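Have a look at the structure below before the remarks.
The values are calculated or read from the model by the stated rules, or taken from the named source; none is laboratory data. Just so it is clear, the model here is predicted, and its values are computed rather than measured. Here the Cβ is made from the backbone with ideal geometry for all residues, glycine too, and neighbour counts use every protein chain on show. Side chains included, ligands, DNA and RNA excluded: accessible areas come from the protein's heavy atoms. Shrake-Rupley method; radii C 1.70, N 1.55, O 1.52, S 1.80 Å.
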Amino acid sequence: MSRNYELDRLKAEQESAFQRKQEAYRSYEYARDRANAAYDAMQNAWEERVRARERMNEEYESRESAFEYHDSVWEDYGRIRDDNNSQIEALKYDADSEHQAMRDCFERASEAYEYGDRSEAPMWSSEGHEHKERRDELNAEISRLAQEVKDARAHAEYYAPRVDSSAFESAKAAFERAKSLHESAQSEFKSLKEQSDRLKSTFDALHAEHIRCKEEFHSKLEEVKADNQRRRDKILDKAEIYGSARRDAKIVEKADKTVQIYHGGLGKGDGLGHGHTAIDKSGEITYDRDAFTEHGSQNFKDKKESGWGPYIHGTIGDQEVTLRKGIGRNAGQVIISDGYVTGKQFRKAHNHYGDNDKTRYPNEPDRIEDSSKHKNDHYYTGPGH
């Protein structure tokens, strides 16, 4: 059957789409792994931040204990300071919680909007503003309490030496560094996660494109198979080949529009003992030999009246050809009416050859041997005219 170039094009498109999908997946996989590594780093930074806060709190508690030994001058200041600082720390913790909750809500609102769930986005946005207002209120209260402690400290410092808070300050600085590292790691993770999500979307789109190309190719393939099967059935119907011989029959369509069908052989259509049916370009059967029957002119369907005798199935070297022995005015000549010899095609009524006319055909002749019942006849060919 002839090659289907549309099927070839669809196959090439499918393979190209597959390659694009694979490249997109590799890019996404790399970005995903980087995002996962960034997430692990962020979690480690968070754990360090928690430990730093605990150390800072411990130093704070130590400093608070030291104040118990101060002169009575610091008692009023200590009371104010302790009460206020305790509240400040709690408020800071609450303010941090409210701030984080605000950020989480705004991020969720942004994500909901980005992924098309716009009905949920306003809810998260509204909740985020509520957390923001609460945070601002807590920060204002923290500022007020801090100012009150500052005023009381100024008064106490006038009457007594200040307490050494270097250990606490060091722990606090360590906490701030841990906090900064965590926020940096968090920002890095968010950036890589967004990149990973974009590449995942690209991969999903290319994957869908590959599936579409694959389905289009297979749809066309089934169509081509059905067309080829219909053409095969039409040829085999014309040749009247049925049963098991039909299933294994080998069809060869020649460039000159003739069709050769080999059937009934052992193991496969053109196997040992195969039959042979030939159909010319006009759709007429010109040769029909059943499997395991004799070769010979009896298998030819010669329907034309001319100066040429019956068909003879012959060979030149190891190439099969169709011959006819001349009669009447063509007596003494042989025509090669169909076949291929050393790459050259001989067509019907194309080349005539004399029997022993060496003067007319000076070139060294090739020997043609009949493979049918005329196997003892020999014909010599020279140049055509």
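At 0.36 nm per residue, and after removing the present C-alpha to C-alpha distance, how many nm does the segment from GLN100 to LYS11 gain when stretched out fully?
26.7 nm
What is the extension gain from LYS250 to GLU157, computed as 0.36 nm multiplied by their sequence separation minus the C-alpha to C-alpha distance, in nm to one decimal?
The LYS250-GLU157 span can extend by a further 22.4 nm.
Could you state the number of Å between the C-alpha centres of the range 190-247 and the range 261-294?
34
If you plug each phi of the range 252-264 into the Karplus form 6.51 cos²θ - 1.76 cosθ + 1.60 with θ = phi - 60°, what whole-Hz ³J(HN,Hα) values come out, in order, with x for Gly and Pro?
Coupling constants for the range 252-264: 10, 9, 7, 5, 8, 6, 7, 10, 10, 10, 10, 8, x Hz.
Non-local amide H neighbours of GLY271 (under 5 Å, H modeled in plane, Pro and chain starts lacking H): which ones?
Excluding prolines and chain starts, which carry no amide H, the hits are GLY265, LEU266.
Kindly flag which residue pairs out of LYS132/LYS179; LYS214/LYS257; LYS11/LYS268 have an alpha-carbon separation exceeding 23 Å in this structure.
In this structure, LYS214/LYS257; LYS11/LYS268 lie more than 23 Å apart at Cα.
For the range 1-121, build the charge dipole from Cβ charges (+1 Lys, Arg; -1 Asp, Glu) around the Cα centre, then report which of HIS99, SER119, MET42 sits farthest towards its positive end.
Projecting each Cα onto the dipole axis, the largest value belongs to SER119.
From a point 7 Å beyond the Cα of GLU133 in the direction of its Cβ, which residues of the range 83-107 have a backbone N at a distance under 15 Å?
Under cut-off, by backbone N: 102.
In nm, to one decimal, how far is the ARG212 label point from the SER86 one, both placed 7 Å along Cα→Cβ?
6.8
Once the whole set of protein chains is in place, how much accessible area is left on LYS193, using a 1.4 Å probe, in Å² to the nearest 10?
My reading of the accessible area for LYS193 is about 90 Å².
Please give the charge dipole size of the range 118-254, origin at the Cα centre, charges +1 on K and R Cβ atoms and -1 on D and E Cβ atoms. Round to the nearest 20 debye.
It works out to roughly 1160 debye.
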